[in-house]
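Working notes, structure below.
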Amino acid sequence: MAAARMLLPVLVALSCARARLEGGAGGWQAGDVPEERRCTVERADGSMSPALFLQRFAFSRPVVLRGVTDNSAFRALCTRQKLLAAFGESLVRLSTANTYSYRKVDVPFQEYVEQLVKPQDPAALGSDTLYFFGDNNFTEWGSLFQHYVPPPFRIPGTSGAYSFGIAGSGSGVPFHWHGPGYSEVIFGRKRWFLYPPDKTPHFHPNETTLAWLQHTYPKLPPAERPLECTIRPGEVLYFPDRWWHATLNLDTSVFISTFLG
C-alpha cells in the first residue's frame, strides 16, 4: 500500500506530461487552462441523418458532432512547420478580442506565430489582445482551404464561408452572436460557453474570456451558467442563429469555422 502511494504522484506526473505532449502535436504548444467539469452540450455522431439534424438542432440548440468529417489530410497541412513554410511571409489580419471593437492590424504570419501566439495575460483587456481569426485572404489561403472537408449537414437557403484561425493558450473571443455556424478544432482544445438568444450573458465587452472565467463565472448561480463544452480535434460544434457564445483556447489551437449565411 505504501509503495502504491509513493508511485501515485509519479504516475500523475507522467500522465500530465503525456497529455501535454499530445496536446502539443503538430508543433503547437499545450496549455494549462482547465476544461469544464462536465460538458452540458448534447453530443451526436455521424450516423445522424440530415433530416434529424434539421429537426433537432439546426434552429433550436447547439450540438457537438463527432465522426462527421475526416480532415486528417487538412490536419497534416496545419502543423506549425508546414504553415510557416507555406505562409510565413504572407500578411495576416489580426483583430482585437473585444465584443464591440474592430481594430485590425496586419502582420506577417511568421511574426504572428513566433511573437504573438503566446499564453493570454489574465490582466490584459480585449482591446490589447490581437487574435488571428476570420479575416483570411482567400487568394493566398485558398490552396489550404481546398483540402478542408466541411460538416455534411446543410441548412436550406444558406451557404458556407470559412474562417481559419490560430491562437495561444487562454486566448479567445468574448461573448457575441451572429448567424449559425460550425467550428472544428484541428489542433489543441477549445472551450465554448453558449447562451440562447433570449438570455443575454453578464459580461464586459472589453473583458477577455479568460478574465470572465476567472472573475464572473464562479459567481454565477447554477441556473445562470451557460451551456459549455470543450471540443477536441475531430469534433465539430454547431451553434444556431443568434446564440450568444464565447470561446477559450485551452492550448495553442488551430481551428476553422464554417459560417452559414
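Taken over the range 171-219, the convex hull of the Cα atoms encloses 98 Å³ per residue. Between amide H atoms placed 1.01 Å from N, distances below 5 Å from Gly181 occur with Phe239, Leu260, all of them 5 or more places distant or on a separate chain. In the range 132-206, the C-alpha radius of gyration followed by the widest Cα-Cα span (Dmax) gives 14.6, 40 angstrom. The simple Förster model, with R0 at 30 Å and r as the Cβ-Cβ distance, assigns Lys219 and Arg242 a FRET efficiency of 0.70. The mean sequence separation of alpha-carbon pairs under 8 Å and at least six residues apart, normalised by the residue count of the chain, gives a relative contact order of 29 percent. Between Thr158 and Arg56, the modelled labels are 1.8 nm apart [label points 7 Å from Cα along Cα→Cβ]. When only alpha carbons of the chain are considered, Rg and Dmax amount to 18.6, 65 Å.
At a probe radius of 1.4 angstrom, the accessible area of the range 186-256 per residue rounds to 36 square angstrom. Taking the chain as a Gaussian network of alpha-carbon nodes connected by springs under 10 Å, the highest mean-square fluctuation of the residues Ala25, Ala44, Ala223 belongs to Ala223. First compute the accessible area of the chain with a 1.4 Å probe, then give the percent of it belonging to carbon and sulfur atoms. On the chain, the fraction of accessible area on carbon and sulfur atoms equals 56 percent.
Between the beta carbons of Asp45 and His202, assuming R0 = 45 Å, the FRET efficiency works out to 0.85 to the nearest 0.05. Here the extension length gained between Glu140 and Tyr102 equals 11.4 nm, from 0.36 nm per residue of separation less the Cα-Cα distance.
The values are calculated or read from the model by the stated rules, or taken from the named source; none is laboratory data. Note that this is a predicted model, so its numbers are computed, not measured. Positions of Cβ are generated from backbone atoms using ideal geometry, with glycine treated the same way; all protein chains shown enter the neighbour counts. In case anyone asks, the SASA skips ligands and DNA or RNA and just uses the protein heavy atoms, side chains included. Shrake-Rupley method; radii C 1.70, N 1.55, O 1.52, S 1.80 Å.
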